[in-house]
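Every number here is computed from the coordinates shown, using simple stated rules; none is lab data. Since we're looking at a predicted model, the values are computed, not measured. Methodologically, a virtual Cβ is constructed for each residue, glycine included, from the backbone with ideal geometry; neighbour enumeration extends over all protein chains shown.
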Amino acid sequence: MNKVTLSATSFKPQASPATWLGVMGGGQLGRMFAHAAQAMGYKVAVLEPSSDCPAGHAADHLLCAHLLCASYTDAAALAELGEQCVAVTTEFENVPAQSLATLAVHSFVAPSADCVSVAQDRLIEKKFFADCAQKSGVMPAPHHAISSLADIDSIDEALLPGILKTARLGYDGKGQVRVTSRSEAKTAFENLQGVVCVLEKMLPLAYEISVLAARGADGEAVVYPIAENVHRDGILFTTTVPGPNVTADCAARAQAAALEIIGRLNYVGVLCIEFFVLRDGTLVVNEMAPRPHNSGHYTIDACITSQFAQQVRAMARLPLGDPRQHSPVVMLNILGDLWFANGSSTAVEPAWDQLLALPGANLHLYGKDDPRPGRKMGHVSFVAPTLAQAQDNLQAACRLLGLSA
Ligand code: ATP
Ligand code: MG
């Protein structure tokens with residue numbers, strides 16, 4: 001298929017021939033990206049090794065032809081994706097940066113390989129955050145790089161108790177071990193196969209927040225309202241916006257820091273930055289995701305422009321959309337555990353009809369047919385005229401689904 005030639009300034013949707021956008025990765029974030037792009041009139045190609053994947057099911061109608069089942073580094077598949085698509089984005093941060101660089105020779109790639117590389121390595125990321133701190137006003141947690149047992153001998157005692165995290169490839173709390181002593185840190189490091197790690201001081205968290213920001217190729221940036229996040233077993237459980245604990249001052253500092261960080265990266269696309277708020281009010285920057293984020297799913301139902309529509313606009317070099325929130329919202333993640341909530345050893349579909357009977361409920365399921373504990377199967381958001389009503393509906397949903405609220 002021939003690539004459509006569009007104006008140098010933007011890749012507008014076009015009826016015929018269609019304008020194609022590409023995404024690296026086939027998970028739920030790619031699926032929701034596809035939905036948003038298609039709603040705006042684009043066709044979507046997905047590059048992903050597995051044919052049975054959430055984004056693959058949502059990719060354009062001619063699914064088999066346009067779901068490129070290939071490895072992320074497959075030269076022929078990258079060439080085909082680049083040939084077909086005017087712009088390419090990513091839905092996961094561990095996409096090989098070299099593949100993005102290869103794609104960038106012929107297509108517009110947003111975010112860039114350089115930006116994604118910073119977010120792929122906790123040590124590079126923390127150094128970048130520290131470099132931004134003078135202007136952002138926000139530091140990362142005290143930490144030390146660990147690449148050998150000897151490094152553990154030389155750490156400052158003040159870093160303990162701490163969390164040993166693999167520098168690369170961690171997610172949903174995987175690749176992390178809490179340690180209280182040097183000997184525990186050594187055992188944990190050995191159990192992590194001696195890969196490069198970062199030992200971070202365990203901080204006294206009051207609550208956790210995240211900030212979504214988006215930046216266009218023209219340098220214009222927008223920032224979304226602050227999301228307050230609750231995790232369970234290392235996985236996001238709920239996101240509430242406005243956050244019940246978030247003060248106006250804290251929100252302003254986090255939003256200003258996010259804008260400083262996204263600008264300094266010269267980033268194009270949607271970026272999510274996670275922060276800790278400590279008991280004394282100090283704001284600490286934790287990590288960033290170079291893509292839409294689970295804690296930003298609330299934007300689909302509660303904001304004028306969702307994080308996925310914003311991703312489309314940024315990569316297509318269109319004007320960014322209004323990030324304003326129109327309704328208070330609570331988002332609840334739906335994990336595979338719910339299918340086994342009654343102690344059953346075989347999967348039982350949760351009562352979606354009853355869930356949808358709750359006021360303001362918006363159900364999003366990702367089309368995964370194999371529920372497993374800890375697997376993200378979908379999410380539900382409750383929008384309401386007041387936050388209290390949204391929270392009441394969340395409580396009702398938890399009772400219905402057999403979750404402790
Ligand atoms: P995800 O991909 O789900 O965001 P992750 O595996 O990348 O998670 P982090 O976000 O670094 O890992 O940490 C997971 C959770 O562990 C945090 O949300 C927070 O609750 C807790 N945590 C991480 N680092 C610290 C710290 N230094 N002090 C206290 N708690 C921490
Ligand atoms: Mg995190």
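For the reader, a short list of remarks on this structure follows.
- Percent of alpha-carbon pairs separated by more than 21 Å within the stretch 75-196: 52
- Residues whose amide H lies under 5 Å from that of residue 329, counting only those 5 or more places away or on a different chain, are 241; hydrogens are built 1.01 Å from N in the peptide plane.
- Ordered by the number of other Cβ atoms lying within 10 Å of each residue's own Cβ, fewest first, 318, 103 fall into the sequence 318, 103.
- Percent RCO, i.e. relative contact order, over the chain, from Cα pairs under 8 Å lying at least 6 residues apart: 13
- Label separation (residue 149 vs residue 266): 4.4 nm, computed from points 7 Å beyond Cα along the C-beta direction.
- Share of pairwise Cα-Cα distances greater than 29 Å in the stretch 205-401 is 25 percent (whole percent).
- Shape call, the stretch 194-239: gyration tensor on alpha carbons, a/c limit 1.5: oblate
- Least to most buried among 226, 235 (fewest other Cβ within 10 Å first): 235, 226
- Too-long pairs where the Cα-Cα distance tops 28 Å, listed order kept, from 43/376; 174/201; 127/174; 12/368; 43/126: 12/368; 43/126
- Alpha-carbon spread of the stretch 20-119, three principal axes, descending order, Å: 32, 24, 21
- Largest first, the three principal axis extents of the alpha carbons in the chain are 64, 49, 45 Å in whole numbers.
- Share of pairwise Cα separations in the stretch 77-142, more than 19 Å, in percent: 42
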